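The values are calculated or read from the model by the stated rules, or taken from the named source; none is laboratory data. Predicted model only: the values in this text are computed from it and were never measured. As a convention, Cβ positions derive from the backbone with ideal geometry for all residues, glycine included, and neighbour counts pool all protein chains shown.
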């Protein structure tokens, strides 16, 4: 399913498409539910027959022992069918949720780290976890129950009609009230659930922002104001959740009222019929068996509808969650437009031809321009801030797709990326290094740290490479984080290394160590593309491109030269 086709779907249709993919499990859940309903009718029939034989015919308990054993067998079979219904519904729900979560992750991967990074991680986490999990009740319970709410009442109605057509008429007249009220309540519940999911996504992002910036807030003595803001946001979410629960409880109370009134009407009819106060229609033919069975089946006639009403809020929650997920899936993916791809010369690693790139709200930020990176060269891109240096590196890395032109690379090209804010995970130093080479040995890690100038620092730590880092590299200075990222580059087998302002915000001593590490990469024969203003890094260049307003203004060839 393409992003354009997804954007054309409404949440209900999108959920139906995914439900169709697990039609087998959902049908099995419905069949098991119908079996539960049929066994319930058998159970009530046996109970009414046993009571009738005991009170009217005067049979002994011993004479009815087979009926009691049959009743026990029906109860066991009913429990097994109910278990099968739950298992089948949960299996369908699990598979659909896995599929939807995979669809969201695939779409985020297709968007690339730049466009996906523009969305708040807290909101994305909420969509991938909470909103996907909110679909569970809809697929596991609501959809199977939707079929059962038609099949089982019809089955009960047939049996009651056979016993007493007037009692069946009472049930038939009362039945439409419950679905009608569910539809009216569902309109408001769906809107409330949509607002609730939007609120929890905002709250997740709001709280995450404050946690990440706690050091800055403490520095400027703004922690109290931040706490008040988080409290107010949480209180808004609480009030919205209580509104949703209020609608749920109110609707359940009203539905129970309608069902109770209908059952009471049937009970009054049966009671007066058995007492002989009603002498028209089939009332004169009522017996203890038929009257008791009608009374026992009346609640079972409404039970599937009442259960559906309980799960109707699962539907509202699913529609609210699907609305947010479709907004993400509906974001169009860029498709490169350009000439037919031609083979790249063997001495070139990556080439951009007449590429242009635009960002929402900013217009065109780069191009049209063309550039090719040769194997073994050190290409430095310089220019004023906002000229498009980072956008150029992102295009070379393949993080974004150009709006115009084409990007070509050598087959099997390995690329390493490092910017001024390297990504570090919560784990040990070794865990962070092995992101680049999962199978690397401790010896390989030590060699990479030595190349990056971190060996002495790590050796001085009590736990060495097993030292734990906090979230986002807490425990390391900015320069140490940069050198740890460089160690990952040494550890990788990347043919092309892209560095975006690798010495930004570093002190002189740390800058010198980072530059020395980059020189080692050059000595290894790696191909480097560096975006920088730093004179020492510019001096390393075999070729230098100056970019202004998204286009190359001129090219300088230095050192080893580039033709």
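Of the helices (runs of 4 or more DSSP H) lying entirely inside region 417-523, the ones with 2 or more residues being over 30 Å from residue 384 (Cα atoms) are found at 429-433, 442-451, 455-460. Picking from residues in region 63-78 that are farther than 27 Å from residue 29 by Cβ and free of Cβ contacts under 8 Å to residues at least 12 places away in the same chain, the one that is surrounded by the most Cβ atoms within 10 Å (Cβ to Cβ) is 63.
Selection within region 465-485: residues that are in contact with a strand residue (DSSP E or B) (Cβ under 7 Å, 6 or more places away or on another chain) and surrounded by 21 or more Cβ atoms within 10 Å (Cβ to Cβ). The member of this set that is modelled with the lowest pLDDT is 476. Taken together, the residues in region 255-281 that are in contact (Cβ under 8 Å) with a residue 40 or more places away in the chain and surrounded by fewer than 16 Cβ atoms within 10 Å (Cβ to Cβ) amount to 3. Only one of (1) in contact with a helix residue (DSSP H, G or I) (Cβ under 9 Å, 6 or more places away or on another chain); (2) at pLDDT below 85 fails for residue 362. Which number is that? If we test residue 362 against (1) in contact with a helix residue (DSSP H, G or I) (Cβ under 9 Å, 6 or more places away or on another chain); (2) at pLDDT below 85, just (1) comes out false. Looking at the structure I just gave you, is residue 398 surrounded by fewer than 20 Cβ atoms within 10 Å (Cβ to Cβ), under 20 Å from residue 518 (Cβ atoms) and at pLDDT 80 or above? Considered against the rule, which asks whether it is surrounded by fewer than 20 Cβ atoms within 10 Å (Cβ to Cβ), under 20 Å from residue 518 (Cβ atoms) and at pLDDT 80 or above, residue 398 comes out as no. In the condition set (1) assigned to a loop (DSSP other than H, G, I, E, B); (2) more than 17 Å from residue 489 (Cβ to Cβ); (3) touching a residue at least 60 places away in the same chain (Cβ under 8 Å), residue 412 is compliant with all but (3). I'm told residue 453 meets every condition in (1) more than 33 Å from the chain's Cα centre (by Cα); (2) buried (at least 16 other Cβ atoms within 10 Å of the Cβ); (3) on the phi < 0 side of the Ramachandran plot except one. Can you identify the failing condition by its number? In the conditions (1) more than 33 Å from the chain's Cα centre (by Cα); (2) buried (at least 16 other Cβ atoms within 10 Å of the Cβ); (3) on the phi < 0 side of the Ramachandran plot, residue 453 misses (3) alone.
Note on region 103-133: among residues that are within 30 Å of residue 310 (Cβ to Cβ) and modelled with pLDDT of 85 or more, the one that is surrounded by the fewest Cβ atoms within 10 Å (Cβ to Cβ) is 133.
Could we say that residue 381 is at pLDDT 80 or above, in contact with a helix residue (DSSP H, G or I) (Cβ under 7 Å, 6 or more places away or on another chain), under 20 Å from residue 521 (Cβ atoms) and outside any loop (DSSP other than H, G, I, E, B) here?
Considered against the rule, which asks whether it is at pLDDT 80 or above, in contact with a helix residue (DSSP H, G or I) (Cβ under 7 Å, 6 or more places away or on another chain), under 20 Å from residue 521 (Cβ atoms) and outside any loop (DSSP other than H, G, I, E, B), residue 381 comes out as yes.
Kindly indicate whether residue 392 is more than 28 Å from the chain's Cα centre (by Cα), buried (at least 18 other Cβ atoms within 10 Å of the Cβ) and not in a strand (DSSP E or B). It is true that residue 392 is more than 28 Å from the chain's Cα centre (by Cα), buried (at least 18 other Cβ atoms within 10 Å of the Cβ) and not in a strand (DSSP E or B). At least 3 residues that are within 23 Å of residue 294 (Cα to Cα) and modelled with pLDDT of 90 or more in each: list the helices (runs of 4 or more DSSP H) lying fully within region 1-84 that qualify. Passing ranges, in order: 23-52. Of all the residues in region 229-241, those that are over 24 Å from the mean Cα position of the chain (by Cα) and either in contact (Cβ under 8 Å) with a residue 40 or more places away in the chain or under 22 Å from residue 313 (Cα atoms) (or both) number 1.
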